[in-house]
Amino acid sequence: MSIAVPSHHARSGPGASLRQSLRRVAEAAVTPLQLDDVLDVFHPLRRGADLRGRIVEVRPETAEAATLVIKPGRDWGGHVPGQYVRMGVDVDGVRLWRTYSLTHGPRRDRCISVTVKAIPDGVVSHHLVHRARAGQMLQLAPAQGEFVLPQPIPAKLLLVTAGSGITPVIGMLRNLFSRATPYAGDIVLLHSALTRDSVIFGPELRSYAARGLLQLVELHTDVDGMLDVAELDRIVPDLAERTAYACGPAGLLDALQEHYDERGLTLTTERFRPAATVVAGDGGTVAFANGTVVEADGATPILDAAESAGVLMPSGCRMGICMSCVLPLKEGAVRDLRNGAVTVAVAGETGPGGVPIQTCINAAAGPCHLDH
């Protein structure tokens, strides 16, 4: 038998007391678990839950790139084309966070999409491109980023991309060209990739050019060599008249920025940071926001280790049930003593709020930093 129970965010009104009573009954029925723990199993995308997404499709783009279509939770707040989303992905029992540009245009089904290119030694990118399947759950953070077009949109644009740097730009283009009154300005897209077959969204970009929606300058390293920024003025004679955006490898962006600075022109760039890694071990130091550092072994809960060192910690049941001991893990790795699952937080990737962990059932799995 199932009981429909309202979330914590139920509105006040005549039925509020009844809803609260129903919730109390349901909570008593699932004790010692929390009601939200049960709801997370059956309705993980509900309003008021931690923001998650369910993969509904994995669509290959090239041999080493794929688009993931994701149904986000009800609290997903939308995005501006060009922004990115931080995603928590469970790979072999370890939760790793990575950042990917949102690549979709308007969708009636409210789904979002990211397009991932598998990179050498990229644990998460290889998992998402080659192993992810429909039905799998991901953790999500709200959309972020300043790599967005100004309003009103300029009449002349130059978009310079290379490799997976096309991903934020395709979101911009799909939104521009899907409007009731499509963008009628002048766009030059200069894109570089290793080969013609490795161009992510290649057929789509070429169709835009064939329809006269943009001018596509496509360079392939195997034939044309690397993009020579010194050639930019020849390729785009009206360079100074165009609002310019660029996304790609750091070397290309550095050269472009120097080129623009020398001419007193403005260039907006998006840089993909190389993903930092945290190697999980057994025990380590636990650092707190107030400067306290505690040595903890791999078999002692962080709560116990911190209290033994004189740190005042929030706590409750001390059994992993009441959630009173939850603190944000800002950086590092911890291991769940119940099942061995490792949770990882990477500075610059996890998000400003950190990853909530229960200190009573997690031990240090290497150096880690808690916001407390």
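Every read-out reported here was derived from the displayed coordinates using simple, explicitly stated rules and does not represent laboratory data. This structure is a prediction, so every number in the text was calculated from the model and none was measured. With ideal geometry, Cβ positions are generated from the backbone for all residues, glycine too; neighbour counts draw on all protein chains shown.
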Report the local net charge at Val188: Lys and Arg +1, Asp and Glu -1, summed over other residues whose C-beta lies under 11 Å from its C-beta.
-1
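Could you calculate the FRET efficiency of Ala341 with Arg133 from 1/(1 + (r/R0)^6), where r is the beta carbon distance between them and R0 is 30 Å, rounded to 0.05?
Numbers: r = 20 Å, r/R0 = 0.66.
My answer for the efficiency is 0.90.
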Modelled label reach - Asp224, point 7 Å along Cα→Cβ, the range 146-173 residues with backbone N closer than 18 Å:
157-167, 169-170
So for each of 324-333, 172-181, 362-371 I average, over its residues, the number of other beta carbons within 10 Å; can you give me the resulting order with the highest mean first?
362-371, 324-333, 172-181
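Around Arg110, what is the net charge, scoring Lys/Arg as +1 and Asp/Glu as -1 over all other residues with Cβ under 10 Å from its Cβ?
Once positives and negatives cancel, what remains is +3.
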For the range 187-226 and the range 81-95, what is the separation of their C-alpha centers, rounded to whole Å?
28
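Grab the beta carbon distance between Asp304 and Asp109, set R0 = 56 Å, and tell me the FRET efficiency rounded to 0.05. Walk me through the numbers before you get to the answer.
Working: r = 47 Å, r/R0 = 0.84.
The formula returns an efficiency of 0.75 here.
Note down the Stokes-Einstein diffusion coefficient of the range 279-372 in µm²/s, whole number, using a Kirkwood radius over alpha carbon pairs, 37 °C, and 0.692 mPa s. Intermediate values should be presented prior to the final figure.
Details: Rh = 12.7 Å.
Stokes-Einstein gives a translational diffusion coefficient of 259 µm²/s.
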Skipping prolines and chain starts, which residues have an amide H placed within reach, meaning under 5 Å, of the one on Val91, given they are 5 or more residues away or on another chain?
Leu96
